[in-house]
1. Looking at (1) surrounded by 19 or more Cβ atoms within 10 Å (Cβ to Cβ); (2) out of contact with any helix residue (DSSP H, G or I) (no Cβ under 7 Å at 6 or more places or on another chain); (3) farther than 27 Å from residue 115 by Cβ, can you tell me which one residue 244 breaks?
2. How do the pairs read when you match residues in region 147-161 that are touching a residue at least 40 places away in the same chain (Cβ under 8 Å) with residues anywhere that are assigned to a loop (DSSP other than H, G, I, E, B) and surrounded by fewer than 13 Cβ atoms within 10 Å (Cβ to Cβ), using Cβ under 8 Å and keeping only pairs 6 or more apart or on different chains?
3. For region 56-66, indicate whether the set of residues that are surrounded by fewer than 13 Cβ atoms within 10 Å (Cβ to Cβ), at pLDDT 95 or above and either in contact with a strand residue (DSSP E or B) (Cβ under 9 Å, 6 or more places away or on another chain) or in a loop (DSSP other than H, G, I, E, B) (or both) is non-empty.
4. Hey, residue 1 hits all of (1) at pLDDT 95 or above; (2) not assigned by TED's automatic domain parsing to the domain that holds residue 143 but one; which does it fall short on?
5. Which of the following residues is assigned by TED's automatic domain parsing to the domain that holds residue 91, out of contact with any strand residue (DSSP E or B) (no Cβ under 6 Å at 6 or more places or on another chain) and outside any loop (DSSP other than H, G, I, E, B): 46, 15?
6. Of the residues 82, 99, which single one is surrounded by 13 or more Cβ atoms within 10 Å (Cβ to Cβ), within 15 Å of the chain's Cα centre (by Cα) and at pLDDT 95 or above?
7. Only one of 69, 75, 3, 49 is more than 21 Å from residue 169 (Cα to Cα) and in contact with a helix residue (DSSP H, G or I) (Cβ under 6 Å, 6 or more places away or on another chain). Can you tell me which?
């Protein structure tokens, strides 16, 4: 049986230094390649147009809404959702080809092992080795959660299969990039939590640093990844701390604003009396 046609999309911004490696493995293989760019200034758009005619420039509404925009442009039922820092190897490509060529394919949500590299070192365990739902059947009701970050794919009745070949993931260019990226995500998540009425505290933020470090390093086996595993456990501990410290900061700002308004109200009352 000829394999089912495949659409692939990427949402990007300022990825000219690394996206070409990703695109070289996709162009000529997938049946539709879609790029949604949100304001690149480094030549990303021009580079992408070497590999596909479907390059669109948009604003930035957040990760979930942007992926849903891209999903709407997919012509084929089977969709591969990638990022510019990910690489489909020939072995993974062959495994996907075999799957999409199955005559009686009933699975609709395909997870792919993540092989994340930390400064050149591959990590085999922990959060960044968890299989990701990157390949799926786009039917009615399938969409990404409408959130700013950590946009989970929502499938009404998922039938999951996990592949064996990994998707290579090169998330962080430098230590500075790693910290900036995690801090940005942490602050966005804190704002979403605050808008939903959640509140935080610095003691809880410190507590989460410890628990998230231990979860990554001991429970998820990061200790077996040596120096890279210890490094990543510290980073994820920091990430958890930043989320709840940022939430506590928003709470402090809100309390200060309310107190200021109360003081103004009291002052106005005294003047009118």
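1. If we test residue 244 against (1) surrounded by 19 or more Cβ atoms within 10 Å (Cβ to Cβ); (2) out of contact with any helix residue (DSSP H, G or I) (no Cβ under 7 Å at 6 or more places or on another chain); (3) farther than 27 Å from residue 115 by Cβ, just (2) comes out false.
2. So the pair list comes out as 155/141; 159/106.
3. Here is the first cut: in region 56-66, the residues surrounded by fewer than 13 Cβ atoms within 10 Å (Cβ to Cβ) are 57, 59.
Keeping just the survivors that are at pLDDT 95 or above gives 57, 59.
Pick out the ones that are also either in contact with a strand residue (DSSP E or B) (Cβ under 9 Å, 6 or more places away or on another chain) or in a loop (DSSP other than H, G, I, E, B) (or both) and you get 57, 59.
Among the residues of region 56-66, at least one is surrounded by fewer than 13 Cβ atoms within 10 Å (Cβ to Cβ), at pLDDT 95 or above and either in contact with a strand residue (DSSP E or B) (Cβ under 9 Å, 6 or more places away or on another chain) or in a loop (DSSP other than H, G, I, E, B) (or both), which makes the answer yes.
4. (1)
5. Working: 15 fails: outside any loop (DSSP other than H, G, I, E, B).
Just one listed residue meets the conditions, 46.
6. Working: 99 fails: within 15 Å of the chain's Cα centre (by Cα).
Going through 82, 99 in turn, just one is surrounded by 13 or more Cβ atoms within 10 Å (Cβ to Cβ), within 15 Å of the chain's Cα centre (by Cα) and at pLDDT 95 or above: 82.
7. Values: 69 fails: in contact with a helix residue (DSSP H, G or I) (Cβ under 6 Å, 6 or more places away or on another chain); 75 fails: in contact with a helix residue (DSSP H, G or I) (Cβ under 6 Å, 6 or more places away or on another chain); 49 fails: in contact with a helix residue (DSSP H, G or I) (Cβ under 6 Å, 6 or more places away or on another chain).
Answer to the selection: 3.
The values are calculated or read from the model by the stated rules, or taken from the named source; none is laboratory data. Note that the structure is a prediction, hence the values are computed from the model and not measured. Note: ideal-geometry Cβ built from the backbone for every residue, glycine included; neighbour counts use all protein chains shown.
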